[in-house]
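The values are calculated or read from the model by the stated rules, or taken from the named source; none is laboratory data. Keep in mind that this is a model prediction, so the values were computed, not measured. Positions of Cβ are generated from backbone atoms using ideal geometry, with glycine treated the same way; all protein chains shown enter the neighbour counts.
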């Protein structure tokens, strides 16, 4: 099978920065050949509010990535986040048609269509339809139930949908560069795919991507995404809290957060003070360390509590053997994993990119962009295989990208 | 079962969002990309259009001008053979050699096979065969020129004369003027070897050809007296022996300058014009020193030797120096 090499750009339009990667996809594997980064403007809580500014920043990142790769991008996989994204679960069941109760392709197709069919509110559009494992007479079937024997076939879909205008804004930012968006990938799925292993996803794991403006999470069970969600709260709010609490500017608060912020209060001495700049310049002053830690810890605890509350009954420590994996720029807050372990009552760790990822892309801020490439290629492969009506070559190709 | 058949609602996905953006909303780089894309598409379309137009024009020409390609395509039987040569072979030879059947179609000919047939005659050095539509087969050949001749006998066959070219190839010599052939000297002292279906080229003929060419050009009167060229000692001693019609044996050094040797020979013959003491052997292969052997004069009827003794076998007299720097005692009869 011949395959023309495609140069795919992965773009994450974040609140703090815009990251772009260029992957060379040969049909068998994808290799990262370039990356670009640009501080973000015109984006609040993951949504484009200033088209011109966001377009300029995104295109700067894309140009840097193209220059780094020395190739022109053919198509773009775009990360999607924002508080407007919501999800719901819908399932359907079907009595198997055949007299001998053997499940056929037609049965599978019908039950899938039924499970996906749900009217959305006006102005909402589906971003992802994530299928959960099939059930045949209550028995879990992780792969295709074709040719299995049973009377009742059930399947459920976790459907993620978002506001049409917000989605269109993001797409148009890329189109402004005359590039086509060929895949829209939920940020949580992208980063979750990158920082968790296949085994963890099989045993159950919660991946939380804390960015500057939003927090994306995905709960995996039985190897597939079970529940996803987005909170319009991120590291920027930590900064904002410090800014208000200590009466500082955003930049000063950000500096203090990065230097002294912690997700669990460690300072015991109320009188321990830290300098804002430490260079005795005009305006430099002292702040109680415990106060800074208390603010960031309270916000971190609250954020994780909200995530837990949003997950509701879907999350239980006993069904989440893989624990909690934290990623994203704000996840670098010291002791956040300790805080997460306390909140969720299970083990927690900071997510790391697989060992084969280049050193300069191992920063948590690039996990989403990396994940977009790999998840996007897998999704395209799955769709192509489904379109051909067989899970042959392309399906096998997509399996290559599943991290072990 | 389709969604319509199931009566399910159509859900809109992000793929339903139109991705067209007005150029006005694009950035400078985006517009540049758009322009470049449009230019590339236009050039592609133009190239495609040019190819299509060319094909259409070609088809039209073929359709309207029946004298052009259609005749070529269908081809006729071979009506004429054209031979272009730099030698003496003629059309009869060509017809005999090609042996084409009477109804042979021009397109049906196996040119490679025909060429090998033409090259089967050793007289032909190189050959090109061209189809000239609609019905002419043109054969261009380059022939070998003979420089000497030899008598060859294979098994119990009668001896036959072959001509030898400069590259040592022996061939029958079809079409050559017998008077010209009669002027060629004979070659002896070579052993012919069969290789495949033909005779292997004779080694050293290039040296002989150079000698003969030099002699013919510079001293034709001498050349005309040369009857036999012996290559017997060419490989071993680097010497070529020439036997003249008058019974003189001239030895040439194959590694020496032929012109110089011929000049010395000419001078020597001029200097030895005494009819009572004819030259019997001259060795020019030793550089400036030229040993010569004088014979006695041809016997008159009165003093004929006994019947068993021929003039060629007559014992020559003493060796004399041909040039002043020769030492008399240094050379004796060979």
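Within the stretch A:180-211, the only residue that satisfies the criterion of being surrounded by fewer than 24 Cβ atoms within 10 Å (Cβ to Cβ), in contact with a helix residue (DSSP H, G or I) (Cβ under 9 Å, 6 or more places away or on another chain) and part of a loop (DSSP other than H, G, I, E, B) is A:204. Looking across the stretch A:42-91, the residues that are touching a helix residue (DSSP H, G or I) at 6+ places or on another chain (Cβ under 7 Å) and more than 14 Å from chain B (Cβ to nearest Cβ) come down to A:43, A:47, A:91.
Residue A:166 meets the conditions (1) over 30 Å from residue A:83 (Cβ atoms); (2) within 14 Å of chain B (Cβ to nearest Cβ); (3) in a helix (DSSP H, G or I) in every case but one. The failed one is (1). Is it the case that some residue within the stretch B:97-106 is crowded, with 16+ Cβ neighbours inside 10 Å, in contact with a strand residue (DSSP E or B) (Cβ under 7 Å, 6 or more places away or on another chain) and closer than 27 Å to residue B:224 by Cβ? No: the stretch B:97-106 contains no residue that is crowded, with 16+ Cβ neighbours inside 10 Å, in contact with a strand residue (DSSP E or B) (Cβ under 7 Å, 6 or more places away or on another chain) and closer than 27 Å to residue B:224 by Cβ.
Please verify whether residue A:340 is assigned to a helix (DSSP H, G or I), farther than 30 Å from residue A:182 by Cα, touching a strand residue (DSSP E or B) at 6+ places or on another chain (Cβ under 8 Å) and touching a residue at least 24 places away in the same chain (Cβ under 8 Å), treating the condition exactly as stated. Steps first, answer last, please.
Working: assigned to a helix (DSSP H, G or I): yes; farther than 30 Å from residue A:182 by Cα: yes; touching a strand residue (DSSP E or B) at 6+ places or on another chain (Cβ under 8 Å): yes; touching a residue at least 24 places away in the same chain (Cβ under 8 Å): yes.
Against the criterion (assigned to a helix (DSSP H, G or I), farther than 30 Å from residue A:182 by Cα, touching a strand residue (DSSP E or B) at 6+ places or on another chain (Cβ under 8 Å) and touching a residue at least 24 places away in the same chain (Cβ under 8 Å)), residue A:340 qualifies.
When you scan the stretch A:92-103, how many residues do you find that are surrounded by 14 or more Cβ atoms within 10 Å (Cβ to Cβ) and either in a loop (DSSP other than H, G, I, E, B) or at the interface with chain B (Cβ under 9 Å from one of its Cβ atoms) (or both)? Within the stretch A:92-103, residues that are surrounded by 14 or more Cβ atoms within 10 Å (Cβ to Cβ) and either in a loop (DSSP other than H, G, I, E, B) or at the interface with chain B (Cβ under 9 Å from one of its Cβ atoms) (or both) number 4.
Look at the stretch A:127-174 and say how many of its residues are touching a strand residue (DSSP E or B) at 6+ places or on another chain (Cβ under 7 Å), under 30 Å from residue A:13 (Cβ atoms) and without any contact (Cβ under 8 Å) to a residue 60 or more places away in the chain. Total meeting the criteria: 3.
Please verify whether residue A:126 is out of contact with any helix residue (DSSP H, G or I) (no Cβ under 8 Å at 6 or more places or on another chain), modelled with pLDDT of 90 or more and under 28 Å from residue A:111 (Cβ atoms), treating the condition exactly as stated. Judged against the criteria, residue A:126 is not a match. Kindly establish whether residue A:61 is assigned to a helix (DSSP H, G or I) and touching a residue at least 40 places away in the same chain (Cβ under 8 Å). Against the criterion (assigned to a helix (DSSP H, G or I) and touching a residue at least 40 places away in the same chain (Cβ under 8 Å)), residue A:61 qualifies.
One line per residue, one yes/no per condition, for (1) facing another protein chain (nearest Cβ under 8 Å); (2) crowded, with 19+ Cβ neighbours inside 10 Å; (3) within 18 Å of the chain's Cα centre (by Cα); (4) at pLDDT below 90:
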{"site": "A:111", "(1), (2), (3), (4)": "no, yes, no, no"}
{"site": "A:119", "(1), (2), (3), (4)": "yes, no, no, yes"}
{"site": "A:134", "(1), (2), (3), (4)": "no, yes, no, no"}
{"site": "A:151", "(1), (2), (3), (4)": "no, no, no, no"}
{"site": "A:154", "(1), (2), (3), (4)": "no, yes, no, no"}
{"site": "A:158", "(1), (2), (3), (4)": "no, yes, yes, no"}
{"site": "A:162", "(1), (2), (3), (4)": "yes, yes, yes, no"}
{"site": "A:171", "(1), (2), (3), (4)": "yes, yes, yes, no"}
{"site": "A:174", "(1), (2), (3), (4)": "no, yes, no, no"}
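A search for C-beta distances below 9 Å between a residue of the stretch B:217-235 that is over 15 Å from residue B:265 (Cα atoms) and any residue that is in a helix (DSSP H, G or I), counting only pairs 6+ apart in sequence or on different chains, returns B:229/B:208; B:229/B:211; B:229/B:212; B:231/B:205; B:231/B:207; B:231/B:208; B:234/B:207; B:234/B:208.
Taking helices (runs of 4 or more DSSP H) that fall entirely within the stretch A:220-323, which contain at least 1 residues that are in contact (Cβ under 8 Å) with a residue 60 or more places away in the chain and touching a strand residue (DSSP E or B) at 6+ places or on another chain (Cβ under 7 Å)?
On the way: elements: A:235-246, A:250-260, A:289-311.
Because the criterion is at least 1 residues that are in contact (Cβ under 8 Å) with a residue 60 or more places away in the chain and touching a strand residue (DSSP E or B) at 6+ places or on another chain (Cβ under 7 Å), the helices (runs of 4 or more DSSP H) in the stretch A:220-323 that meet it are A:235-246, A:289-311.
Taking the stated definitions as given, is residue A:92 more than 30 Å from residue A:49 (Cβ to Cβ) and at pLDDT below 90? No: the conditions fail for residue A:92. Could you please let me know if residue A:229 is modelled with pLDDT of 90 or more and more than 15 Å from the chain's Cα centre (by Cα)? So residue A:229 fails the test.
Of B:285, B:322, all but one fail to be at pLDDT 85 or above and in a loop (DSSP other than H, G, I, E, B); the exception is B:285.
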